[in-house]
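The values are calculated or read from the model by the stated rules, or taken from the named source; none is laboratory data. All of these numbers come straight from a predicted model, not from anything done at the bench. Cβ coordinates were reconstructed from backbone atoms using ideal geometry, including for glycine residues, and neighbour counts include every protein chain displayed.
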Amino acid sequence: STRVGVLALQGDFREHIAVLRSLGADAVPVRRPSELAEVGGLVIPGGESSVMDKLSRTFGLAEPLKQAIAGGLPVYGTCAGLIMLADSILDGIAGQQTLGGLDVQVRRNAFGSQLDSFETDLDIPALGAEPMHAVFIRAPIVHSVGERATPLARLADGRVVAVEQGDLLGTSFHPEMTGDVRFHEYFLSKVRAAA
Ligand code: GLN
């Protein structure tokens, strides 16, 4: 299916749905396993990963999500969504779990209180020569990148803020907020190719 779901348990799922629809995609909110079964790709939005984790387990979505990821569903996680996709977290709250799939370890809230939120321009060669303006909000950092994952973007200090692994994509920042739709377009091309 070329229908794209956006996990709609918590966070800024409406913004992702709006961007995907503006690109012509059949984008729908996903809250139930039956809705997950109907999509050919999934965006996991920003929000609060510990809450998203709890809600996904409460609503019986965690296991179907893990199976879908293991089965090759294209998934794009932004910020809290990147944390949900990471195989491990350095500093999760007690009992916090992730769905996993991306061979990375992330650190939550990696920028401390002074840099709670900031914006910067990133070079992302995979998406073209034009730098991308990126908004970080209590953002995670990719602390280590395993063998199966590839960094797509780094801050000036070298820290990784975007990764790709086959049909999985993750960004520390929020492209759904800036009008630069290249990540969403790139993700939709993966969804179409997988369909
Ligand atoms: N700090 C949040 C978390 O740990 C992520 C913030 C965001 O998604 N903008 O889940």
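Miscellaneous remarks
- Test for Leu20: is it assigned to a helix (DSSP H, G or I), more than 15 Å from the ligand (Cβ to nearest atom) and surrounded by 24 or more Cβ atoms within 10 Å (Cβ to Cβ): yes
- Every pair of residues 6+ apart whose Cβ atoms lie under 6 Å, when the first sits in the range 26-52 and is in a helix (DSSP H, G or I) while the second is modelled with pLDDT of 95 or more and away from the ligand (no atom under 16 Å from the Cβ): Pro33/Pro64; Leu36/Val30; Leu36/Pro64
- Residue among Arg154, Arg192, Arg107, Arg159 that alone is in contact with a strand residue (DSSP E or B) (Cβ under 8 Å, 6 or more places away or on another chain), within 27 Å of Ala68 (Cβ to Cβ) and not β-branched (Val, Ile, Thr): Arg107
- Residue satisfying all of: in the range 84-116; more than 27 Å from Gly72 (Cβ to Cβ) and among the polar types (S, T, N, Q); modelled with the lowest pLDDT among these: Gln114
- Contact annotation: no residue pair with Cβ atoms under 8 Å, 6 or more positions apart or on different chains, pairs a residue in the range 62-83 that is free of Cβ contacts under 8 Å to residues at least 40 places away in the same chain with a partner that is within 8 Å of the ligand (Cβ to nearest atom).
- Restricting attention to the range 126-159, the residues that are part of a strand (DSSP E or B) and either crowded, with 22+ Cβ neighbours inside 10 Å or free of Cβ contacts under 8 Å to residues at least 40 places away in the same chain (or both) total 9.
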